[in-house]
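Undergrad: Handing you this structure, nothing more for now.
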Amino acid sequence: MAVVEIERHDSILVVRMNRPEKRNAMNTEMLTELGKAFTEFRDDGDLSTAILTGNGEAFCSGEDLVEAAERGTPGFDPELPYDPFWNDGMGPGETIRKPIIAAVNGWAMGGGFIQAWMSDFRVAARSAVFEISEARHWLLGAYQYGFTDTLPWAIASELALGFRMSAERAYQVGFVNRLADDDKLLDVAFEMCDHLKAIPPASVANTLTMARALRPRIPTGARLLGEKLKENGNLDDVMEARRAFAAKRKPEFTAL
């Protein structure tokens, strides 16, 4: 069974994460195949728009914590090939000058949330749930994603500490572009593609380049503080979070 499924609909590429039994957790194989899919999207001049979605009850539940526990190191395998979409968690860089739509069909957690954040547009099923899980698994929550999406400070702080957000609330605060009934999710995504196809390709590319350039960045001082805080605590707690998840038990963290 392919862990990433690819469908071509004329100029639209649909990329489906396909580990439903693992809530589409991103293991090394899936990340490698996603990189190949977005490289194909970038390089194929006949493709104009990509839709990223998941099979099963989840969009993507983020890092495969079991694989990380077995490997003995947190995060993704550092030897992974370059992915022009993931781009170190910052989203499509200058090489992908085409729109990417996240069609969030269920749980979007951790790296799954980040994939939705990196996309240019977000369509969410009404049953979808968003969560930035990093605070549970690292020594610093992934603070940057809410703040750089210009969400209100209180809401961005909630997200950074792993509070869950329904699709309805995500739409209300401006994180989601469109809400869709669960069985109409891809229909709504394809409607957005149809709109984009009616615009000159150069205009789409140039406008996206400008929109991405205008996205707020974390100030240098705060970024440097974040680098220090990532190691401010017992680093073994990072692996303990993964060991506990793999063993299906409560983690035993070190007190501050």
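Undergrad: Using the C-alpha atoms of the stretch 35-163, what convex hull volume per residue, in cubic angstrom, is computed? Let's see the in-between values first.
TA: Values: hull volume 15.4 nm³, N = 129.
Output value, Cα hull per residue: 119 Å³.
Undergrad: If packing is taken as the average count of other Cβ atoms within 10 Å, what order do 48-58, 174-184 fall into, highest mean first?
TA: Highest-to-lowest ranking by the protection proxy: 48-58, 174-184.
Undergrad: In addition: Holding the Cα-Cα limit at 23 Å, pick out from LYS98/LYS197; LYS22/LYS250; LYS22/LYS228 the pairs that are longer than that. Working shown, then result.
TA: Details: LYS98/LYS197 11 Å; LYS22/LYS250 19 Å; LYS22/LYS228 33 Å.
In this structure, LYS22/LYS228 lie more than 23 Å apart at Cα.
Undergrad: Further, regarding this structure: Run through every distinct alpha carbon pair of the chain and return the Kirkwood hydrodynamic radius in angstroms, one decimal place. List each step's numbers first, then the result.
TA: Numbers: mean 1/r = 0.0533 Å⁻¹.
In the chain this quantity evaluates to 18.8 Å.
Undergrad: Calculated from DSSP H runs of 4 or more alone, at -39500 (n - 2.57) each and per residue, what is the 222 nm mean residue ellipticity of the chain, nearest 500? Walk me through the intermediate numbers first.
TA: Details: 11 runs with 101 residues, N = 256.
Rounded to the nearest 500, it is -11000 deg cm²/dmol.
Undergrad: Cα centroids of the stretch 1-29 and the stretch 203-256: how far apart, whole angstrom?
TA: 25
Undergrad: So for the stretch 1-96, averaging the separation of alpha carbon pairs under 8 Å that are six or more residues apart and normalising by length, what relative contact order in percent results?
TA: Details: 148 pairs, mean separation 29.5, N = 96.
Relative contact order here is 31 percent.
Undergrad: What angle, in degrees between 0 and 90 and rounded to the nearest 10, separates the Cα long axis of helix 185-197 from the longest principal axis of the Cα atoms of the chain?
TA: The answer is roughly 50 degrees.
Undergrad: Using a simple spin-label model with points 7 Å from Cα along the Cα→Cβ vector, what separation in nm is obtained for ILE199 and ASP44?
TA: With each label placed 7 Å out from Cα toward Cβ, I get 2.2 nm.
Undergrad: Most mobile of ASN234, ASN87, ASN24 per a Gaussian network model of the chain (Cα springs, under 10 Å)?
TA: Per the Cα network of the chain with a 10 Å cutoff, ASN234 tops the list.
Undergrad: Scale the Cα Rg of the stretch 182-256 by the rule-of-thumb value 2.2 N^0.38 Å and send over the ratio, two decimals. Walk me through the intermediate numbers first.
TA: Values: Rg = 22.3 Å, N = 75, 2.2 N^0.38 = 11.3 Å.
Cα-based Rg divided by the globular estimate yields 1.96.
Undergrad: Over the alpha-carbon set of the stretch 103-228, divide Rg by the Kirkwood Rh and report the Rg/Rh ratio to two decimals.
TA: On the way: Rg = 15.6 Å, Rh = 15.6 Å.
Ratio value, two decimals: 1.00.
Undergrad: Could you give the nm distance between label points at ASP149 and GLU29, where each point is 7 Å from its Cα heading toward the beta carbon?
TA: 3.0
Values in this text are rule-based calculations from the coordinates and carry no lab data. Everything numeric in this text was worked out from a predicted model, so none of it was measured. Here Cβ is always computed from backbone atoms with ideal geometry, including for glycine, and neighbour counts include all displayed protein chains.
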